[in-house]
Amino acid sequence: MAHARVNGIDIWYEYRGPEDAPLLVLTHGFAGPTDGWPPIIDEVTERLRVLFYDVRGHGRTAVPPPETFSIPQFAADLRGLLDFLGIEQAHVGGVSMGGMISAQFACDYPERLRSLLLMDTTAGNQGDQETAHIERQIVELFVTYERIVLEHGLTGLVERENRYRHERDPYARYSSFSLDEQDARNAKKIERMTPAGYLAAARALRERPDLTSRTPSITAPTLVSCGEWDMFYPCAQRDHRLIPNSRFVTVRGAAHDTTNYTPQKWKRLLREFIDDVEAGRDVRGESEL
């Protein structure tokens with residue numbers, strides 16, 4: 001089990017895939033550390049060298065004091081990990097929270113990018129009238145999460161999330177996992193996180209900076225992809241418009257987190273984009289899968 005001492009904490013990391021393949025640094029979503037990636041990740045690593053790591057407060061990485069949690073700090077942790085491993089540049093991307101961290105990393109450390117992959121995520125909404133209502137929903141959601149965890153613990157949160165999935169989620173049946181499998185995967189957050197880590201990470205997401213004034217300066221080839229039913233879809237469209245050297249891919253038949261809804265499509269869009277960057281092809285444009 002490998003750990004790197006970065007910014008005063010121990011960050012867990014792992015390489016998978018051929019050593020001579022393009023290197024992708026992949027950041028997981030909220031409450032879903034590395035061991036939460038779906039099985040499709042094994043197919044991704046057949047052709048790509050992937051560096052996985054657990055974000056501060058998640059999985060096998062340390063849970064430091066809550067005041068040390070923020071999206072800029074998460075991005076600084078990622079930079080520190082790359083420094084520790086001697087990686088000057090890589091394809092950097094993530095899903096959901098992982099995309100938010102990747103966007104922050106791109107704005108703060110642009111010289112470290114070979115390319116950027118923003119999947120099922122948003123770079124911010126406070127300054128965008130068209131998506132400000134989505135930001136309010138995000139904040140309200142995390143406030144609700146925090147209240148439930150404080151009153152009922154992570155077990156109580158999992159019970160309520162699973163009940164919602166069965167009774168009110170209009171897209172759950174479209175997932176590549178059955179409802180029972182979704183329940184079981186969601187329950188693993190009890191094993192992967194402490195309440196302190198969960199609450200601190202949730203607060204970091206709720207209070208993250210709006211990057212929409214900075215994303216137009218991103219020059220690295222960028223993939224912006226999002227499920228058609230994802231609440232972040234309008235945000236992803238906006239991020240594509242703001243990042244000049246970007247490709248936008250609409251993933252049909254997917255809500256939030258295309259890795260779970262349409263894993264083969266997710267693998268394809270990721271591979272095709274990195275192949276194009278490695279070949280020096282123009283990545284700009286819009287398409288759908």
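The values are calculated or read from the model by the stated rules, or taken from the named source; none is laboratory data. Please read all numbers here as calculations on a predicted model, not as lab measurements. Cβ coordinates were reconstructed from backbone atoms using ideal geometry, including for glycine residues, and neighbour counts include every protein chain displayed.
Tabulated values for the structure
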read-out	value
Checking Ile148 against (1) modelled with pLDDT under 95; (2) more than 20 Å from Phe232 (Cβ to Cβ); (3) not acidic (Asp, Glu), the condition it does not meet	(1)
In region 105-127, residue modelled with the highest pLDDT [restricted to those that are surrounded by fewer than 21 Cβ atoms within 10 Å (Cβ to Cβ) and in a loop (DSSP other than H, G, I, E, B)]	Tyr109
Subset tally (residues that are assigned to a helix (DSSP H, G or I) and either under 20 Å from the mean Cα position of the chain (by Cα) or among the charged types (D, E, K, R) (or both)) for region 235-289	27
In region 1-42, residue modelled with the highest pLDDT [restricted to those that are buried (at least 21 other Cβ atoms within 10 Å of the Cβ) and polar (S, T, N, Q)]	Thr27
Test result for Val251, more than 23 Å from Leu211 (Cα to Cα) and in contact (Cβ under 8 Å) with a residue 40 or more places away in the chain	no
Residue pairs meeting the criteria (Cβ under 7 Å; at least 6 apart or on separate chains; first charged (D, E, K, R), in region 17-45; second at pLDDT 95 or above and not in a loop (DSSP other than H, G, I, E, B))	Glu19/Arg49; Glu43/Lys267
Hey, Leu211 at pLDDT 95 or above, hydrophobic (A, V, I, L, M, F, W, C), buried (at least 21 other Cβ atoms within 10 Å of the Cβ) and part of a loop (DSSP other than H, G, I, E, B) or not	yes
